[in-house]
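Novice: What follows is a single structure, and I will ask about it in a moment.
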């Protein structure tokens with residue numbers, strides 16, 4: 001079976017203005033989302049206590065809130081998790097109480113006056129200091145990753161392509177995080193890992209296209225950079241459009257079957273893969289073109305006397 | 001063309017075989033088990049085995065097996081229910097000489113274990129358990145250091161007949177010594193410089209009195225901090241051992257933090273209590289001349305300190321501490337044979353014994369109080385920022401009349417129940433901590449969640465994997481099937497590698513495995529699409545195969561390395577589950593590079609190499 005019996009000849013670069021325009025619109029929407037909704041930071045970054053309990057029957061969140069308020073936890077955030085029988089309680093950093101106390105008291109409050117059996121599934125407590133550190137570490141991780149990638153691509157290809165690839169990746173990260181903000185997904189350490197993976201995947205995709213561009217620049221002597229890029233994108237299209245969906249297949253299985261600890265993670269990756277594929281086709285190359293990539297940048301270093309061999 | 005030398009094929013086979021062998025242990029699973037360890041020098045012998053067997057038999061619990069090792073006995077069970085019941089039975093049968101821990105004993109046969117093949121380590125989010133990050137309260141350590149210097153200074157100056165007015169610790173650190181005149185101060189300066197070189201002294205004038213401000217040298221503080229951390233590490237390890245947890249992790253993290261991981265712990269509240277509390281004892285004489293009620297109203301006589309007892313009644317004790325808890329070398333919990341009430345017999349070290357003996361000699365017939373001191377930590381919001389505030393709870397747990405001169409061994413009575421006696425003994429036996437520690441991070445996963453996580457994670461991964469296998473076979477024909485073989489090989493290698501490295505598998509780690517499978521498919525897609533392209537350009541099948549592999553390799557390499565960079569950064573900065581994800585992703589990429597490029601090529605070469613071909617089933 002082969003969907004690409006002939007190499008396609010779609011003019012991707014021709015629509016690059018529209019593509020970049022669309023990207024800018026999406027970017028602006030992301031920024032608006034950050035400004036208005038912000039990110040739903042989990043306790044990994046804000047500090048606080050998170051308690052997950054499982055009931056043996058459907059439980060009404062309003063009831064739970066009342067029970068907690070009666071115990072003095074009126075600032076608790078209560079949500080269903082998994083099914084209507086599972087509840088997550090999040091309590092912001094609390095003055096005058098230690099984590100051990102908080103979780104015990106919450107459990108006691110929930111067990112009181114109810115015939116349902118309440119089972120503690122998990123408890124997480126992050127002190128405010130550690131929360132701050134995790135924010136710092138997360139930010140540093142992102143910067144280091146992007147920088148490492150920049151250096152590697154600059155070494156293997158050349159600087160302009162490296163910059164373009166990093167811009168494309170940052171674009172993907174911003175859009176993905178924007179969507180995470182709009183969907184209100186919880187932003188905790190696992191989500192940060194997903195975002196970093198999206199960065200890896202996006203770069204992966206972009207490298208494949210750039211690799212072909214490099215090869216074509218050396219092979220096609222007469223075509224302009226724009227034409228070279230167009231051809232390269234078309235030639236790699238078969239791979240891009242197979243790998244994307246296979247990754248999505250795998251991630252979708254994880255999303256539906258993996259349980260609620262990794263479903264947000266899987267969803268973020270799904271979004272990231274879609275955006276990453278889009279950016280490899282429509283964003284990375286136009287930006288490289290804008291930066292002025294040309295054949296000479298990608299030619300291998302010439303050795304002495306090779307001028308004779310070059311002559312046709 | 002398209003022929004691998006024999007050694008290469010053999011190498012690939014060898015790697016595959018090794019992979020299978022080292023991945024095997026993971027198929028064997030675990031038995032819920034009990035591990036019995038001696039507390040001190042108690043024997044591990046056939047008699048002990050017999051006692052355990054008898055206890056289990058009379059409770060109607062049949063174990064799968066009883067294994068006696070050189071330093072412990074392992075009892076295997078069919079399910080966790082039996083395991084939990086057995087723990088209670090065995091604990092009460094063996095008493096305080098042994099620690100009974102819940103354990104998951106792997107069923108890996110001996111021949112595998114002999115070559116170092118063990119199953120992967122499961123993370124807390126898959127096993128259930130507790131993870132704590134504890135921070136040593138460095139400021140408290142410094143304060144305790146200064147207080148020790150204060151009392152040492154007092155005796156030092158007195159012994160050298162240097163007069164002073166006051167020696168006290170200042171609120172914001174440092175020690176202030178005031179004198180009556182400058183002469184005394186100079187004498188003191190000289191003595192201090194000679195006898196306590198770890199203090200720096202500067203002259204000051206405190207109102208009308210010449211004074212010296214003393215500070216502890218920073219290098220000394222650092223040194224002590226390190227020692228405090230070491231002592232806390234040791235103490236925590238002891239406490240964790242006494243909790244009876246198998247495979248605990250107690251490690252230093254950074255300069256002032258300790259990570260404690262207790263897999264399989266079910267009673268997390270008790271774990272937190274034992275680990276987070278710091279406790280010590282003080283023995284003080286009761287201040288008989290004062291009136292506790294009046295003191296409670298506000299008039300505390302000189303040389304006395306006000307305390308509350310268990311019931312909240314005020315008690316007046318002397319300021320001077322007779323003996324501190326750090327001289328305790330042993331404490332056990334037991335029953336007083338005379339009245340059947342719980343008691344804690346205590347043994348002191350020689351120095352403590354001497355101090356105690358001297359102190360009690362002059363006080364026979366007088367009441368002495370046992371003060372239980374617990375350091376708690378509260379989080380308060382001060383001026384908008386959350387700060388940690390120390391709170392010390394001091395309680396008189398017992399007042400008894402000194403019957404005779406006490407020495408190395410004595411008993412504490414007046415406890416509520418055996419549970420309390422056991423807890424008290426536990427805290428004291430493991431030693432009082434050099435500096436208080438608080439829990440700054442905690443993650444607890446209940447056992448049911450752990451089980452669910454495994455099931456769901458494996459299910460999601462398996463379904464995704466199968467989908468990919470089907471797709472590859474359908475879309476790429478025979479080549480696709482070869483790619484499927486390589487994917488399976490990849491999975492086996494990855495599991496083997498993680499087992500050999502004893503890396504931890506977490507739930508995001510399972511997602512990482514799934515992702516690396518996707519990347520492995522990507523590599524195959526790159527190769528096969530390239531081969532197809534070459535065929536379209538009218539190259540011969542053999543040349544196409546060759547060109548496909550060669551040209552795709554650079555792309556595979558570059559794209560995988562960049563994802564690897566992201567993985568390594570995640571590994572460096574991540575903790576716990578995230579680290580597990582980074583590990584499986586990175587290792588998965590490495591194994592996939594091997595299996596997709598070399599593995600598939602070896603098979604393709606064997607199938608098609610060196611023959612004349614008309615078409616390729618790709």
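Novice: What's the average, rounded to a whole number, of partner chain beta-carbon atoms within 10 Å of each residue's beta-carbon in A:142-154? Intermediate values should be presented prior to the final figure.
Specialist: Numbers: counts 3, 1, 7, 9, 3, 2, 7, 6, 1, 1, 5, 4, 0.
So the per-residue partner count for this stretch is 4.
Novice: Across every pair of different alpha-carbon atoms, what Kirkwood hydrodynamic radius in Å does chain A reach?
Specialist: 22.5
Novice: In nm, give the distance between the simple-model label positions of residue B:400 and residue B:481, each being 7 Å from the Cα along the Cα-to-Cβ direction.
Specialist: 8.3
Novice: Another question about this same structure. Arranged by the count of other C-beta atoms within 10 angstrom, fewest first, what order do B:305, B:408 take?
Specialist: B:408, B:305
Novice: Then there's this: When a footprinting reagent is the concern and you count Cβ atoms within 10 Å, what order do B:604, A:102, B:437, B:470 take, fewest first? Can you show the working numbers first?
Specialist: Working: B:604 24, A:102 21, B:437 29, B:470 13.
Fewest-to-most ranking of B:604, A:102, B:437, B:470: B:470, A:102, B:604, B:437.
Novice: In degrees, nearest 10, range 0 to 90: what is the angle between the Cα axis of helix B:541-573 and the longest Cα principal axis of chain B?
Specialist: 10
Novice: Measuring from centroid to centroid over Cα atoms, what is the spacing of region B:535-597 and region B:85-129 in Å?
Specialist: Rounded to whole Å, the Cα centres lie 38 Å apart.
Novice: Evaluate 2.2 N^0.38 Å with N set to the residue count of region A:137-246, then give the Cα radius of gyration divided by it.
Specialist: Values: Rg = 15.9 Å, N = 110, 2.2 N^0.38 = 13.1 Å.
Compactness ratio reported: 1.21.
Novice: Also, quick follow-up: Output the Cα-based Rg and Dmax of region B:30-106 in Å, rounding Rg to one decimal and Dmax to a whole number.
Specialist: When restricted to the Cα atoms of region B:30-106, Rg and Dmax are 11.1, 31 Å.
Novice: Could you line up B:28, A:201 from fewest to most neighbouring Cβ atoms inside 10 Å?
Specialist: B:28, A:201
Novice: Starting from 0.36 nm per residue, how many nanometres of slack lie between residue B:217 and residue B:20 once their C-alpha separation is accounted for?
Specialist: Extra length available between residue B:217 and residue B:20 comes to 65.0 nm.
Novice: If a/c stays under 1.5 just call it rounded; otherwise compare a/b with b/c (prolate if a/b is bigger, oblate if not). Do that for region B:483-524, with a ≥ b ≥ c from the square roots of the Cα gyration tensor eigenvalues.
Specialist: Since a/c reaches 1.5 but b/c is at least a/b, the shape of region B:483-524 is classed as oblate.
Novice: Provide a whole-number value for the mean count of partner chain Cβ atoms within 10 Å of the Cβ atoms in peptide B:443-453.
Specialist: Details: counts 7, 10, 7, 8, 2, 5, 9, 2, 0, 6, 6.
Across B:443-453, the average partner-chain Cβ count within 10 Å equals 6.
Novice: Return the distance in nm (one decimal) between the two label points of a simple spin-label model at residue A:182 and residue B:354, each offset 7 Å from Cα along Cα→Cβ.
Specialist: Going from the residue A:182 label point to the residue B:354 one covers 7.8 nm.
Novice: Want the number for residue B:8 to residue B:97: 0.36 nm per residue separation, take away the alpha-carbon distance, what's left? Present the calculation step by step, with values, prior to reporting the outcome.
Specialist: On the way: separation 89, 0.36 × 89 = 32.04 nm, distance 5.84 nm.
Result: 26.2 nm gained on full extension.
Novice: Is region A:1-61 best put as rounded, prolate or oblate by its Cα gyration tensor, with a ≥ b ≥ c the root eigenvalues, rounded for a/c under 1.5, and otherwise prolate when a/b is larger than b/c, oblate when not?
Specialist: Cα axes put region A:1-61 in the oblate bin.
Novice: Please give the helix A:61-70 orientation as an angle from the longest Cα principal axis of chain A, in degrees from 0 to 90, rounded to the nearest 10.
Specialist: 60
Novice: Would you calculate, for chain B, the mean residue ellipticity at 222 nm contributed by helices, counting each DSSP H stretch of 4 or more residues as -39,500 (n - 2.57) and dividing by all residues, to the nearest 500?
Specialist: -16500 deg cm²/dmol
Novice: Oh, and also: If each of residue B:53 and residue B:455 carries a label point 7 Å out from its Cα toward its Cβ, how far apart are those two points in nm?
Specialist: 3.7
Novice: Packing-wise, with mean Cβ within 10 Å as the measure, how do B:452-463, A:75-86, A:271-282 rank, highest first?
Specialist: Highest to lowest by the protection proxy: A:271-282, B:452-463, A:75-86.
Novice: For residue B:198 and residue B:252, what is the calculated FRET efficiency with R₀ set at 25 Å and r taken between the beta-carbons, to the nearest 0.05?
Specialist: That gives a FRET efficiency of 0.55.
Novice: Per residue, how much space in cubic angstrom lies within the convex hull of the C-alpha atoms of region A:48-126?
Specialist: 77
Novice: Tell me, what does the Kirkwood hydrodynamic radius of region A:231-289 come to in angstroms if you use every pair of distinct C-alpha atoms?
Specialist: 12.5
Novice: Related question: For region B:31-173, what does the equivalent ellipsoid look like in terms of its semi-axes, each the square root of 5 times an eigenvalue of the Cα gyration tensor, given largest first in whole Å?
Specialist: Numbers: eigenvalues 533, 91, 48 Å².
Equivalent ellipsoid semi-axes, largest first: 52, 21, 15 Å.
Novice: Would you please give the FRET efficiency between residue B:113 and residue B:81, computed as 1/(1 + (r/R0)^6) with r the Cβ-Cβ distance and R0 = 41 Å, to the nearest 0.05? Don't jump to the answer; show the numbers that get you there.
Specialist: Working: r = 28 Å, r/R0 = 0.67.
Efficiency, from the Cβ-Cβ distance: 0.90.
Novice: What would the Debye equation give as log₁₀ I(q)/I(0) for chain B at q = 0.06, 0.08, 0.09 Å⁻¹, counting only Cα atoms as equal point scatterers?
Specialist: Summing over Cα pairs of chain B leads to -0.52, -0.78, -0.90.
Novice: Where Rh is the Kirkwood radius over the Cα pairs of region B:10-57, the temperature 37 °C and the viscosity 0.692 mPa s, what D in µm²/s does Stokes-Einstein return?
Specialist: 222
Novice: What is the distance in Å between the Cα centres of region A:164-236 and region B:440-464?
Specialist: Comparing the Cα centres of region A:164-236 and region B:440-464, I get a distance of 32 Å.
Novice: Which whole number gives the average, over all residues in A:41-52, of C-beta atoms from other chains lying within 10 Å of the residue C-beta?
Specialist: For this peptide, the per-residue mean of nearby foreign Cβ atoms is 1.
Novice: On to the next question. Using only alpha-carbon positions, what ratio does the radius of gyration of region B:139-220 give when scaled by 2.2 N^0.38 Å?
Specialist: 1.00
Novice: Quick one: angle between helix A:263-282 and the longest Cα principal axis of chain A, in degrees between 0 and 90, rounded to 10, please.
Specialist: With both axes taken from Cα atoms, the answer is about 20 degrees.
Novice: Please state the equivalent ellipsoid semi-axes for the protein assembly as shown: what are the square roots of 5 times the Cα gyration tensor eigenvalues, largest first, in whole Å?
Specialist: Taking √(5λ) for each Cα gyration eigenvalue gives 64, 34, 27 Å.
Novice: To the nearest 0.05, what FRET efficiency results for residue B:182 and residue B:302 with a Förster distance of 22 Å applied to their C-beta separation?
Specialist: E(calc), rounded to 0.05, equals 0.15.
Each value in this text was obtained by applying a stated rule to the coordinates, not by laboratory testing. Every value quoted in this text rests on a predicted model; they were computed, and no experiment measured them. Don't worry about glycine lacking a Cβ; one is built from the backbone with ideal geometry, like all the others, and counts go over all protein chains shown.
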